[in-house]
Amino acid sequence: MASKEISHKGKVLSSCDGVVSVEITSSSACASCHASGLCGLGESVRKTVDVRDSGHYLPGQEVEVCLAHRMGLKAVFLSYVIPVIVLIVLILSLSAAGVSELAAGLLTIAGIAVYYMVLWLFRDSLKKEYVFYIKNQLYDSL
């Protein structure tokens with residue numbers, strides 16, 4: 001079975017010392033809808049990804065940047081699933097302990113903030129795990 005991967009098309013911004021900076025455009029699922037400009041839900045965001053690659057790429061060249069599918073799932077788990085679990089556990093345990101609703105809500109928000117701060121503190125080690133690679137050159141757009 002072929003390995004699953006998440007891929008985005010992007011343009012090379014720069015290539016220096018084995019690091020290629022690629023700009024990818026992430027768009028929502030409804031970005032292709034003809035009415036997306038009217039409702040405002042079809043927005044797209046430009047992101048820059050640094051890829052370690054020894055190949056020679058020119059600025060403006062289109063490439064395909066890939067990430068292993070399991071790493072995408074891990075990112076979703078770390079950024080969405082765990083915080084929801086922390087939120088539910090905190091709000092239920094604080095309410096069961098007899099803490100007022102306002103205090104329970106504020107403490108729960110503080111608990112989520114602490115979780116994201118810990119995640120931010122470990123960003124360098126997480127960055128080492130998420131290895132992007134360039135699958136192939138699409139074509140020269142120069």
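The values are calculated or read from the model by the stated rules, or taken from the named source; none is laboratory data. Note that the structure is predicted; figures quoted are calculated from it, not measured. We place every Cβ from the backbone using ideal geometry, glycine too, and count neighbours over all the protein chains shown. Calculation scope for accessible area: heavy atoms of the full protein, side chains included, ligands and nucleic acids excluded. Shrake-Rupley method; radii C 1.70, N 1.55, O 1.52, S 1.80 Å.
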Heavy-atom accessible area of Y115 with all protein chains present, probe 1.4 Å, nearest 10 Å²? 40 Å²
Once all protein chains are kept in place, L119 shows an accessible area at probe 1.4 Å, nearest 10 Å², of 40 Å²
Residues listed by number, region 101-129, amide nitrogen under 19 Å from R52 label point at 7 Å toward C-beta: 122-129
Name the lysines eligible as straight-distance cross-link partners of K135: C-alpha to C-alpha under 16 Å, and not fewer than 8 places from it in the same chain. K4, K9, K11
In terms of solvent-accessible area of protein heavy atoms at a 1.4 angstrom probe, what is the ranking of I6, I88, highest value first? I88, I6
